[in-house]
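The values are calculated or read from the model by the stated rules, or taken from the named source; none is laboratory data. Small disclaimer: the values here were computed from a predicted structure and weren't measured. Glycine also receives a Cβ, built like all others from the backbone with ideal geometry; neighbour counts cover every protein chain displayed.
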Amino acid sequence: MIQEMDLMEIFYWFHRHPELSYEEYDTTAQIKKLLKAADVKILPIPMETGLIAEVKGEKDGPVQALRCDIDALPITELTDLPYASECPGKMHACGHDFHITAGIGTAIWLQEHKDELYGTVRFFFQPGEESSLGAWKVLETTALDSVTRVWGFHSDPTNLVNAIGIREGAVAAAVDRFVITITGVGCHGAHPDDGVDPIPAAAAMVQAFQTIVTRNINPFHPTLISVTRLEAGNTWNVIPQTAQLEGTVRTMDRQDRSLFEKRLKAIAERTASAYGASAEVEWIPGPPAVCNDAEMAAFAKETAEAEGFWTVPELSLIHISEPTRLGMISYAVFCLKKKKKNIPDSYKHLKIR
């Protein structure tokens, strides 16, 4: 019988041994070891990292899936915890160590009670969530075959202890990345008239991009654009030939997402041209917005409250009056795939400390 102290030790192990996206070899091996020891079936689905497990109940019922992400972040842990990361420059700072533990604990508990279980529960231990595209590694396999519902969850320290954040509809943003390379003509810093400086063009773009939010998008639609990297040159007295911008766009509405891509490309190219330079725009699509199925959200709320949990609406990470969050959840890729197959989904936020 799985005990709370067993789960705490499991959690400590994963926190001490974080691995980055698509490098989760030891993590995968440990998950497999723990599940096999509890007689939980590992499906023979080829994945380099991550795995698919399954518990089949002794009573007839549907196949449902629970998704748990397993990768860590490239962050140096500075805590004094006795179970702090033992891997320099890597840390489970987003709660995936808890997600793994919860998934393992759920699988073992269901295996111990499979005589009471109606149907089958399939567990997606997904790699590469922090890359934003790790869910595709699961969807490239047969893991979703026969699945009628997919459930997901994430730790959330902004909720009250013993509270679960649940709501129907959109709960997390679509996330896209852009890289813009501006090309001018390099020259000596004392003779800017001999070249075309890409830096003023880059600076103008940073300012102009914000007009997409303020002048092109419905003001009642949550959206944002952040330029998070601007690089140019390598010395103090030479105007460089190129400059590069990189950043992220967050949207909740599909039409807004499409419009953002078109306007960003137009602003970049025309601004560069106005400064006598040129711009090459690389738009890198990420996962779509997460949109919870209404029936599943209501069922989760009713079930959680029956088990003694508080339930609260999904809230912003900062302001409790805001109904949505612009953070990225690659679980959304499952949502997109499932909607094409008419498979509902629901994603929850759990308080941990």
Next item on the list: Examine the stretch 6-18 for a residue that is under 30 Å from D115 (Cβ atoms) and either in a strand (DSSP E or B) or of a type in the set (D, E) (or both), and state whether such a residue exists.
Entry: yes
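Let's see how each residue does on (1) in contact with a helix residue (DSSP H, G or I) (Cβ under 9 Å, 6 or more places away or on another chain); (2) modelled with pLDDT of 95 or more:
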site	(1), (2)
E246	no, yes
K262	no, yes
A277	yes, yes
V281	yes, yes
C291	yes, no
Item checked: Filtered residue count, the stretch 64-80, keeping only those that are of a type outside the set (D, E) and either on the phi > 0 side of the Ramachandran plot or free of Cβ contacts under 8 Å to residues at least 40 places away in the same chain (or both) -> 4
Note to self: From the list V55, V63, exactly one residue is surrounded by 18 or more Cβ atoms within 10 Å (Cβ to Cβ) and more than 26 Å from P88 (Cβ to Cβ). Which is it?
What the structure shows: V55
Item checked: Output for the stretch 90-101, where each listed residue is surrounded by 20 or more Cβ atoms within 10 Å (Cβ to Cβ) and either without any contact (Cβ under 8 Å) to a residue 24 or more places away in the chain or assigned to a helix (DSSP H, G or I) (or both) -> H96, D97, F98, H99, I100, T101
Item checked: Which numbered condition P46 fails, given (1) over 23 Å from the mean Cα position of the chain (by Cα); (2) modelled with pLDDT under 95 -> (1)
Checklist line | Output for the stretch 262-295, where each listed residue is in a helix (DSSP H, G or I), of a type in the set (S, T, N, Q) and surrounded by 13 or more Cβ atoms within 10 Å (Cβ to Cβ) | finding: T271
Notebook entry, point to check: So how many residues does the stretch 189-210 have that are under 30 Å from the mean Cα position of the chain (by Cα) and surrounded by 13 or more Cβ atoms within 10 Å (Cβ to Cβ)?
Noted result: 7
Next item on the list: With the condition kept exactly as written, say whether any residue in the stretch 125-148 is crowded, with 19+ Cβ neighbours inside 10 Å, of a type outside the set (D, E, K, R) and under 26 Å from V312 (Cα atoms).
Entry: no
Note to self: Pairs needed: first member in the stretch 135-157, under 12 Å from F125 (Cα atoms); second member anywhere, of a type in the set (S, T, Y) and not in a strand (DSSP E or B); C-beta distance under 6 Å; at least 6 residues apart or different chains.
What the structure shows: A135/S330; G152/Y331
Check: Just a yes or no: is a residue in the stretch 34-43 in contact (Cβ under 8 Å) with a residue 40 or more places away in the chain, over 19 Å from Q3 (Cα atoms) and surrounded by fewer than 20 Cβ atoms within 10 Å (Cβ to Cβ)?
Finding: yes
Note to self: Let me spell it out: the conditions are (1) under 24 Å from the mean Cα position of the chain (by Cα); (2) over 30 Å from G61 (Cβ atoms), and S155 meets all of them except one. Which number is the exception?
What the structure shows: (2)
Check: Which of the residues spanning the stretch 22-66 are outside any loop (DSSP other than H, G, I, E, B), of a type in the set (S, T, Y) and in contact with a helix residue (DSSP H, G or I) (Cβ under 8 Å, 6 or more places away or on another chain)?
Finding: T27
Next item on the list: Can you tell me which residue among V206, V312, V249, V238 is touching a Gly at 6+ places or on another chain (Cβ under 8 Å), of a type outside the set (F, W, Y) and over 19 Å from G169 (Cα atoms)?
Entry: V238
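Conditions tested, residue by residue: (1) farther than 23 Å from K262 by Cα; (2) touching a helix residue (DSSP H, G or I) at 6+ places or on another chain (Cβ under 6 Å); (3) without any contact (Cβ under 8 Å) to a residue 60 or more places away in the chain.
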site: T181; (1), (2), (3): no, no, no
site: A190; (1), (2), (3): yes, no, yes
site: D194; (1), (2), (3): yes, no, yes
site: D197; (1), (2), (3): yes, no, no
site: A203; (1), (2), (3): no, no, yes
site: A208; (1), (2), (3): no, yes, no
site: T214; (1), (2), (3): no, no, yes
site: I217; (1), (2), (3): no, yes, yes
Check: If you scan the stretch 103-147, which residues turn out to be at pLDDT 95 or above, touching a strand residue (DSSP E or B) at 6+ places or on another chain (Cβ under 7 Å) and assigned to a helix (DSSP H, G or I)?
Finding: G103, T106, A107, L110, Q111, K114
Next item on the list: Taking the residues in the stretch 228-261 that are among the aliphatic types (A, V, I, L, M) and surrounded by 21 or more Cβ atoms within 10 Å (Cβ to Cβ) as candidates, determine which candidate is nearest to G286 (Cα to Cα).
Entry: V249
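Here's a check for you: in the stretch 215-227, which residue that is of a type outside the set (F, W, Y) and assigned to a loop (DSSP other than H, G, I, E, B) is nearest to V281 (Cα to Cα)? Explain how you work it out, then say what you get.
Taking the stretch 215-227 and keeping what is of a type outside the set (F, W, Y), we get 215-219, 221-227.
When the remaining residues are screened for being assigned to a loop (DSSP other than H, G, I, E, B), the result is 217-219, 221-222.
Numbers: I217: 21, N218: 24, P219: 26, H221: 25, P222: 24 Å.
Checked the stretch 215-227; the qualifying residue nearest to V281 (Cα to Cα) is I217.
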